[in-house]
Amino acid sequence: MFCGEEHAVSAQQGLTIGRSGELEIDDNPYLHRTFLVISHENGFWWLSNTGSTLTATVADDQGLFQAWLNPGARIPLAMPRLVVWFTAGPTTYDFEIHVASPAFASVTAEAARDAFPDDTGAATVGRVSLTPDQKLLVVALCEPFLRRREAGTSQIPSSAAAAERLGWALTRFNRKLDNVCQKLADHGIRGLHGGVGKLATNRKARLVEHALSTKLVVEQDLDLLDADPPSTTVKATP
């Protein structure tokens with residue numbers, strides 16, 4: 001599913017996705033002619049990255065599973081519904097894959113506890129916790145995607161535009177962006193650093209893809225952007 005259109009995929013032919021693929025995404029010179037390929041092999045549906053530079057983020061619709069698909073890599077499409085995000089130049093795209101007969105099904109932690117009430121193993125560390133300002137920053141960057149009703153295309157706001165949206169100075173925005181990227185990188189999220197002590201040039205795109213795919217921010221969080229900032233009282237000391 002892309003931009004409201006459904007593209008059926010046969011096991012015999014598969015589907016190519018890209019600038020000039022069978023699913024023609026966009027006439028974007030930053031996008032590979034053939035970037036992703038859906039195929040059926042050995043009883044499984046697969047998604048392969050056949051590009052040379054771009055990566056894709058693949059996640060289930062509940063935010064329970066996420067994979068980062070590098071050039072040359074492929075993953076099985078083993079769940080009923082998956083969402084794919086990728087960024088080419090200034091534009092970020094997303095589309096949905098619906099699998100009629102998936103090999104697996106997503107199970108929430110609550111459902112797993114109900115199914116296995118006697119399994120009281122050690123608790124797993126939860127998702128990354130953001131400060132209120134860090135959450136605001138991520139919501140501002142994801143705003144165009146959160147306001148959309150269907151998969152398609154959007155552009156991530158520039159740092160200057162996002163800072164203005166929040167009423168922050170650009171230096172404050174960049175400092176907090178550094179902090180968010182570092183916090184996520186420390187928790188093992190890939191693509192936010194280009195090397196030792198070096199931030200990746202496309203870190204905002206990777207941050208947005210991660211936040212959307214893991215439900216780190218959701219549509220209801222848009223209310224945070226319109227909320228009144230907390231009042232501050234300064235008491236003078238005689």
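The values are calculated or read from the model by the stated rules, or taken from the named source; none is laboratory data. Keep in mind the model is a prediction, meaning the values are calculated, not measured. Don't worry about glycine lacking a Cβ; one is built from the backbone with ideal geometry, like all the others, and counts go over all protein chains shown. Just so you know, the surface numbers come from the protein's heavy atoms only, side chains and all, with ligands and any DNA or RNA stripped out. Shrake-Rupley method; radii C 1.70, N 1.55, O 1.52, S 1.80 Å.
Would you say Phe65 is within 18 Å of Leu212 (Cα to Cα), within 21 Å of the chain's Cα centre (by Cα) and open to solvent by 20 Å² or more (accessible area, probe 1.4 Å)? Yes; evaluated as a whole, the condition is true for this residue. Reported count of residues in the stretch 137-158, each being surrounded by fewer than 17 Cβ atoms within 10 Å (Cβ to Cβ) and part of a helix (DSSP H, G or I), is 1. Would you mind stating whether Lys204 is open to solvent by 60 Å² or more (accessible area, probe 1.4 Å) and at pLDDT below 95? The answer is no for Lys204. Among the candidates Thr50, Thr34, Thr55, Thr16, the residue that is of a type in the set (Ser, Thr, Tyr) and at pLDDT below 95 is uniquely Thr55.
If we only count strands (runs of 3 or more DSSP E) wholly inside the stretch 32-110, which ones have 3 or more residues that are closer than 28 Å to Pro157 by Cβ? Give the derivation first.
Details: elements: 36-41, 44-49, 56-60, 66-69, 74-76, 81-88, 91-98.
Per the criteria, 56-60, 66-69, 81-88, 91-98.
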